[in-house]
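Before any comments, here is the structure.
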């Protein structure tokens, strides 16, 4: 009977298993896609200090992520904007996310507003500049995994490329979602209430944030109240548990 090898090849094949066993058992499974090794290693170390998240893989390209995503089954993918074989926002492809059930959070050292706009248009669930502290990244990961849309509030220009009045072009469905956000419903609750997919809800939320020139859901609700789009009293009573 052929014995299983215990040499270097066997160790290499089980490296991911050992890596997962040694990581803190966090709630949110995270895959990092960052091509600069020093930055990637620093992020792994930083995220590993917080028990709310667990880095299950760290790779340097889109291709490497796609080759391993079925094995890793991430909740959140934290991807650099610029990668050797494409842009991190490509991972927000609706078909990929629906099939594999992950959210995409973009990090970048490039022009913040340009990347932020592209991330919103591509359907990413969040954006942070690389200058943000690791605590902000952990918080963003947890919030994105919970169904929120997280956009960096350090950008000074509105997310929307146009300068129309806030909310002037909200669709009827976006108006519905906005009113439910004002009633403090989560994305999951809105999905159940409207009988649409969670990804569709998040797409509506991203569009609402852009059209209301907001970086957070709370800011969107406040802007909507100031613009007279919703009754200020709607946000006082909620159904969120």
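The values are calculated or read from the model by the stated rules, or taken from the named source; none is laboratory data. Given the structure is predicted, the values throughout are model-derived calculations rather than measurements. Positions of Cβ are generated from backbone atoms using ideal geometry, with glycine treated the same way; all protein chains shown enter the neighbour counts.
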(request) Mind listing just one residue for me: the one in region 72-95 that is in contact with a strand residue (DSSP E or B) (Cβ under 8 Å, 6 or more places away or on another chain) and assigned to a helix (DSSP H, G or I) and, of those, surrounded by the fewest Cβ atoms within 10 Å (Cβ to Cβ)? (result) 72
(message) Taking the condition of being within 12 Å of the chain's Cα centre (by Cα) and over 22 Å from residue 51 (Cβ atoms), how many residues in region 126-155 meet it?
(response) 4
(request) Only residues that are farther than 25 Å from residue 86 by Cβ and in contact with a helix residue (DSSP H, G or I) (Cβ under 9 Å, 6 or more places away or on another chain): list them for region 24-44, please. (result) 26, 27
(request) Within region 202-217, track down each residue that is in contact with a strand residue (DSSP E or B) (Cβ under 7 Å, 6 or more places away or on another chain) and crowded, with 22+ Cβ neighbours inside 10 Å. (result) 209
(request) Could you grab me the full set of residues in region 43-62 that are under 16 Å from the mean Cα position of the chain (by Cα) and part of a loop (DSSP other than H, G, I, E, B)? (result) 52
(message) Scan region 101-118 and tell me whether some residue there is modelled with pLDDT under 80, part of a loop (DSSP other than H, G, I, E, B) and out of contact with any strand residue (DSSP E or B) (no Cβ under 7 Å at 6 or more places or on another chain).
(response) yes
(request) Among residues belonging to region 132-170 that are in a loop (DSSP other than H, G, I, E, B) and at pLDDT 90 or above, point out the one that is surrounded by the most Cβ atoms within 10 Å (Cβ to Cβ). (result) 132
